[in-house]
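Working notes, beginning with the structure itself.
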Amino acid sequence: MSPSFLPPYSPLDAPNTGAARTASFAVSGRSGLPQGSKRSLIRAFLGALSLLPGVGRAQAVRVRLTDSSRIETRLYPAGREEKEFLRGKDVVYWRFYRHNTAQVTSTETLTKAGRATGQWTEYDEHGKLVYSVDRDHGTWRVASRTAYPFFALQRRVKAHADRLIAAVYGQPFLEGIGK
């Protein structure tokens, strides 16, 4: 299947039969290639070129083994990603370090299947906590009020919505939503 930015199927791409045979062997320009071959080469080149942006984003995964975990490291232009898989447990600790330094940008706890669980924290460029999310208890703590100026309003709206849900469906229903 050709990428969407290429021209649609044309008679020059058809098998060489009848009138299409004459058209497909029309020599174009200085290349000396038949028209159909030139078009096929252009499509192949553009198709290969469209794959290049995804190739250079992350380097190959480096794996380190410890006595209790397997640590996978990927390097990106903006930093370094580390995933630590604990042996014998369904836990993965994910960390992203800014510009390949020791400064953590964000941390997260996941299951090996990729389900987000536990804590998720985000830090600014100075290493200060911006916010943290506790997925097990359903809490979101914002340390930087400038990053989230309407956080207090959002908490009041959520509290009101929770009261309405508890009044209609009962408190046990509300407590079971986060699990």
State all residues of the range 76-100 that are free of Cβ contacts under 8 Å to residues at least 12 places away in the same chain and over 22 Å from Val133 (Cβ atoms); if no residue qualifies, say none.
Gly88
Sort out for me the strands (runs of 3 or more DSSP E) sitting completely within the range 87-145 that have 1 or more residues that are under 20 Å from the mean Cα position of the chain (by Cα) and in the same structural domain as Tyr76 (by TED's automatic domain parsing).
92-98, 104-110, 116-123, 129-134
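The values are calculated or read from the model by the stated rules, or taken from the named source; none is laboratory data. Computed from a predicted model, the values in this text were never measured in an experiment. With ideal geometry, Cβ positions are generated from the backbone for all residues, glycine too; neighbour counts draw on all protein chains shown.
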